[in-house]
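Following: one structure in structure tokens, then a few remarks.
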Amino acid sequence: MNLFRVSCFGFRIWFRIVRVGFLGIMIDLLIESNVIRDVGLVIFDKDGTLIELYHYWSQMVALRARLICEALGLGKEHESGLRWALGVDERAGRLRPEGPVGLKKREIVIEAATDYFDGIGHRDTLRLCEQAFEHADEISSGDLSRFIRPIRGAVSLMGALSKRGCCVALATVDISRRARLAMEFMGVSDTLDLVVGGEEVARSKPDPEMIHLILDRLGVDRSQAVMVGDALNDVQMGANAGLKASIGVLTGFATAEQMRPLTPFIAQDVSELAVRAKSNYNDHIQM
């Protein structure tokens, strides 16, 4: 059964690449009065774009902080201090704009934890923090409904893109296996052609390495690809990669004022993005 699923997944990717690369089948993306034409690949960020940013990471950071502080015999005040150090501003009810959580790779978040403990006289906590992060992964995987809240319109948009033959990829600073679990929980795994996590690249957002990897693996030209994300790093990454366009959504880190110097395409959330099939699409394939 697993081999069958893998074979079907590989065939689906090949079939979409054939459609985009050889048949020239594209879609148009509509954002209010704006139209981005001839799109063959849409790359999404995960946190703050497809799932609620603060809810997910505040829950995960709280779990990590509790596990680490319990292991060290530290009280609630240090759990709170560690949550702040990892990037959660509980008073404001949002993530800190400098992160690190939600913005930077896991090893940098772990480094922030060890720096916090160094500062209060607890040295050599790297392995303990790594183990606590892994334990938190295991706990959260058993009850994803506690952590994941899909953003309005995310599931339907990914379904519409996939149905109309557009390739769909995920580019996230989270580790890829965690990202795949989240997508499976949302019921959109079948719409995805590729997931690239932070552990797969040497240079994280806004460096374009992650996008270059996606373009190479899917065989799609950058002139046919669009990036969608909630953080300035997402939008800048799309620009650095030379994509057709980058779309900023206001459901995470950045404001419209911060986005405007980087892109003319800004939406309140992904529900404001619509998919229009090209006129020649049904001449090639019926879904």
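Readers should treat all values here as calculations from the given coordinates under stated rules, not as data from a laboratory. Note that the coordinates shown come from a computational prediction; the quantities given were computed from them, not determined experimentally. Glycine gets a Cβ as well: all are built from the backbone with ideal geometry, and neighbour counts include every protein chain shown.
Remarks
- Label positions at Ser145 and Arg123, each projected 7 Å from the Cα along the C-beta direction, are separated by 4.8 nm.
- GNM flexibility winner over the chain from Val235, Val270, Val188 (Cα, springs under 10 Å): Val188
- Stretch gain in nm, segment Ala92-Arg66, where the contour uses 0.36 nm per residue and the Cα spacing is subtracted: 7.3 nm
- Scanning the chain for DSSP H helices at least 27 Å long along the axis (C-alpha atoms) with a Kyte-Doolittle mean no lower than -0.5 picks out 2-21, 53-72.
- The amide H of Val88, built 1.01 Å from its N in the peptide plane, has Arg96 as neighbours under 5 Å, considering only residues 5 or more places off or on other chains.
- Relative exposure of Met186, Met158, judged by other C-beta atoms within 10 Å (fewest first): Met186, Met158
- Per-residue [θ]222 nm for the chain (sum of -39500 (n - 2.57) over DSSP H runs n ≥ 4, rounded to 500): -14000 deg cm²/dmol
- Over all orientations, the chain has a Cα convex hull whose mean projected area works out to 15.5 square nanometres.
- Summary of the geometry: region 80-149 and region 150-224, compared by the centres of their Cα atoms, lie 24 Å apart.
- For the chain, DSSP calls about 40 percent of its internal beta bridges antiparallel.
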